[in-house]
Amino acid sequence: MHKYVISIDVGGTFTDCVVIEDSGRVTTAKARSSPSDNFKTGFFSSIEAAAAQLGMDASRLMENAIRIAHGSTVATNIMVQRGGARVGMITTKGHEGTLRLAKGMGRIHGEPAENLLHIAKARRPVPLVPAELIVGVTERVDVDGDVIIPLDEDEVRDAIARFRDAGVEAVACGFLWSFANPAHELRVRELIDESDLNVYTSLSHEVSPSLGEYERFTGTAINSMVGPSTSAYLSDVEGELRQRRYAGPFQIMQANGGTTTPEKVRNYPVMMIGSGPVGGLAACARAAEQVGSDNIIGTDMGGTSFEVGLIVDGAPLVQEETVVDKYVYRIPKLDVTSIAAGGGSIAWVDEINETLQVGPRSAGADPGPACYGFGGTEPTVTDANLLIGYIDPETRFGSGEKSGFRLSREAAYAAVSGLAERVGLPPLEVARGIVDVIENKMAALISNEVIGRGFDPRDFVAIAYGGAGPLHGYSYAAELGIRSVYVPGRLAPLWSAYGISASDVRHSFEQNLKMLPPFDAKVLAEVFGELMDRARGALAEEGFDEGKRRFELSLRMRYEGQGHDLRVEFPQENLDGRGVESVVEQFTELYEQRYGMATQLPEARVELVSAACHGFGEVSKYPRVGENGAGPEGGAERPPREVYWDRSGQPISTPVYDGMRMARIRPLRDRCS
């Protein structure tokens, strides 16, 4: 009997499943996501659809799986929909307004560039924790970790009593400089455990042990907000997996590009936010050799969003701060930027200037685009793609008896016609306009991410994936001068799930330094040594022996007095103390590349903010069999299709190829579908 690796990526519209057999055979399946039952039905329906293709039931497939990896939008959806737990917060007295003040940047965070000229009209973020549930208590630890004022435990007990009366479901605790000395935060957890308040608890020094109380407190509050629901979801899925006779590892994708155990995710569910799109970027990094470039733009368009991430010199870019719906927290993740521009994005007319707009509202999985035939009536990008000829009307969406369905061109036409009447244009011209608007948004995001970082798009290749990504790759590539766009075959709609399947286990540990030159190389080596020991121990607990472990070291650095920093890799061979100066040179070069030569501060000292160790456990992977097509002469050509490439109202007869029958890399210089 064959063995399998199973990967499931839950998206807003579809749940993707990739099954890799030990022979290298790859089976893919899709099921409609099921937000009504916290996505559980979609999770198992996707496995059932894949199992059916393999001629077995889902229980047998899982019984023979060596590993199941999972990426989910559960935590992300809780944040977007603001449906999380009712949170109470305990903080240092006098700093109760930290979350509300947001460092004076609340209106700006998360706003696209075009909105910054009208920032006075932008909304402030809704407080994560109501003011009446933020309680300041007497305590103070200084920058060196010394206790200046002891914790007033009676005030903590009073806060717990207030939370009980208010029906609080989770508590976030954030004290000043707690990452330098966590004793007071740990004591708060003990007092909560000793009380009759049965709540989920997050401590800031564990969630985000970094400088900057606003970002640290925000990450801690979000962790508590999504914690109860995420824990319940994981427990529910784990219980069902046991009932279906699966006893192997169940690994959860993190936003930092690695997987971890459900137990760790229960403690730090904030690490799941944005983890699904990260899987696609991880897959792009693995594909560098195949596409012949170490510089890759990964573009993922699904049902609700469009994501962009960069691979530079073979490695994904990492962002130190994450912005989710105007909330900023400092937990490193692979740098994937998202906008509401998916196949389900709804087209509408702005009442003020009467211009055509697309998104951010989405039809989601239920009811979905009008052409799905599940009750949707508003025009979406998918409806427009169907009408202008981008999508074959005979295409079957999803897989398996419960998921597969064909699109209705009549329903799409009816939805777009309603909008066309409003603007006084023919429906097909409006459909073409919807696609133009969404493609312009995509090109603008890529331009901002690439050119805005000082890179030239012409030095990159693009990989287009996601359910809708390959349909629009030609447009943004032509706009930005990207010479090559690669589509990863039949894995394109499930590329993120494939990336998750091949992601190693990752445990990260960080310690603040606040070191100024001259740097003490011995102290730095001791810090890295302690961090590596912690990472080594975490990997050993999961069963990874020395041959399956690897470590990456890094330093967060900045010019003294600055509020922002950059992360620089620290090679392990530099632990002997001879390489600190070379890292400073790397920082200077990176700073100039990111911000420009004019921003250099030649007289300022470079400060080491923190040291980090990332420990990786290499998981078993089955190399997939390559997809070598037969080329056009081998049956790839299909009947031509009428496509509306512009708003002239005249369709163009367009050659159509079956991508799975084409040669692996075949240049197509004319418009085709």
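Here, each number is a calculation from the coordinates, and none is a lab measurement. Treat the numbers as computed from the prediction; the structure is a model and nothing was measured. Please note: Cβ atoms are built from the backbone with ideal geometry, for glycine as well, and neighbour counts cover all protein chains shown.
Give the peptides 368-376, 193-201 in descending order of average Cβ contacts within 10 Å, highest first. Kindly include the intermediate steps, with their values, before the conclusion.
On the way: 368-376: 23.0, 193-201: 15.0.
My ranking of the peptides, most packed first, is 368-376, 193-201.
Nearest 20 debye, what's the magnitude of the dipole of the chain about its Cα centre given +1 on Lys and Arg Cβ and -1 on Asp and Glu Cβ? It would help to have the intermediate numbers written out before the result.
Details: 68 positive and 92 negative charges, 342 e Å.
With only Lys, Arg, Asp and Glu charged at Cβ, the dipole is about 1640 debye.
Each label point is 7 Å from the Cα along the Cα-to-Cβ direction; what then is the distance between the points at Asp658 and Gln562, in nm?
The two pseudo-label positions are separated by 5.5 nm.
Using the count of nearby Cβ atoms within 10 Å as a rough guide to exposure, how do Lys333, Lys326, Lys3 rank from fewest to most?
On the way: Lys333 22, Lys326 18, Lys3 15.
Lowest to highest Cβ neighbour count: Lys3, Lys326, Lys333.
What is the spin-label model distance, in nm, from Gln593 to Ala247 if the labels are put 7 Å beyond Cα along the C-beta direction?
Rounded to a tenth, the inter-label distance reads 4.9 nm.
Let me know the shape class of the stretch 332-436, please: from the alpha-carbon gyration tensor, a ≥ b ≥ c as square roots of the eigenvalues, rounded when a/c is under 1.5, otherwise prolate if a/b is greater than b/c, or oblate.
Cα axes put the stretch 332-436 in the oblate bin.
Quick one: angle between helix 580-595 and the longest Cα principal axis of the chain, in degrees between 0 and 90, rounded to 10, please.
Once rounded, the angle reads 50 degrees.
Roughly what % antiparallel, to the nearest 5, for the DSSP beta bridges in the chain?
70 percent
Roughly how many debye, to the nearest 20, is the charge dipole of the stretch 83-225 about its Cα centre, given +1 on each Lys and Arg Cβ, -1 on each Asp and Glu Cβ, and no other charges?
That gives the stretch 83-225 a dipole magnitude of about 840 debye.
Rank-order 58-67, 296-305 by packing density, defined as the average count of other C-beta atoms within 10 Å over each peptide's residues, highest first.
Those peptides, ordered most packed to least, come out 296-305, 58-67.
Between the stretch 295-325 and the stretch 15-82, how far is it from one alpha carbon centroid to the other, in angstrom?
About 23 Å separates the Cα centre of the stretch 295-325 from the one of the stretch 15-82.
What percent of all Cα-Cα pairs in the chain falls into each 10 Å bin, going from 0 up to the bin containing the maximum distance?
Each 10 Å bin holds this share of Cα pairs: 3, 14, 24, 27, 19, 10, 3, 0, 0.
Which of Ile192, Ser7, Thr27 sits closest to the plus end of the dipole of the chain, meaning its Cα is farthest towards the positive end, when Lys and Arg get +1 and Asp and Glu get -1 on the C-beta?
Working it through, the farthest residue towards the positive pole turns out to be Thr27.
Give me Met56, Met532, Met442 ranked fewest to most by other Cβ atoms within 10 Å of their Cβ, as a rough exposure proxy.
Listing Met56, Met532, Met442 from fewest to most nearby Cβ atoms yields Met56, Met532, Met442.
Determine the alpha carbon to alpha carbon distance for each of Lys326/Lys522; Lys40/Lys93; Lys30/Lys441; Lys522/Lys621 and list only those over 32 Å.
Pairs exceeding the cut-off: Lys326/Lys522; Lys40/Lys93; Lys522/Lys621.
Would you calculate a helix-derived [θ] at 222 nm for the chain, using -39,500 (n - 2.57) for each DSSP H run of n ≥ 4 and dividing by the full residue count, to the nearest 500? Spell out each step's value before the answer.
On the way: 18 runs with 218 residues, N = 673.
For the chain, the value works out to -10000 deg cm²/dmol.
May I ask you to order 424-431, 222-229 by the average number of other C-beta atoms within 10 Å around their residues, highest value first?
Result, highest mean first: 222-229, 424-431.
Mind giving me the FRET efficiency for Gln53 and Lys621? R0 is 25 Å, r the Cβ-Cβ distance, nearest 0.05 is fine.
0.75
Estimate the FRET efficiency between Arg187 and Asp142 by the formula 1/(1 + (r/R0)^6), using the beta-carbon distance for r and 22 Å for R0, to the nearest 0.05.
On the way: r = 17 Å, r/R0 = 0.79.
Computed FRET efficiency for Arg187 and Asp142 comes out at 0.80.
Between helix 40-53 and the chain, what is the angle of the helix's C-alpha long axis to the longest principal axis, kept within 0 to 90° and rounded to the nearest 10?
50 degrees
Quote to one decimal, in nm, the extra length available between Glu96 and Gln650 on full extension: 0.36 nm per residue of separation minus the C-alpha distance between them.
Contour length minus the Cα-Cα distance gives 193.2 nm.
When the gyration tensor of the stretch 83-225 is built from Cα positions, what are the square roots of 5 times its three eigenvalues, in whole Å, from largest to smallest? Intermediate values should be presented prior to the final figure.
Numbers: eigenvalues 151, 67, 29 Å².
Over the Cα atoms of the stretch 83-225, the semi-axes work out to 27, 18, 12 Å.
Asp22 to Arg490: extension gain in nm, 0.36 nm per residue of separation minus the Cα-Cα distance?
Stretched out fully, the Asp22 to Arg490 stretch lengthens by 166.6 nm.
Provide the gained length on full extension for the span Lys548 to Asp165, in nm with one decimal, where the gain is 0.36 nm per separating residue minus the Cα-Cα distance.
132.9 nm
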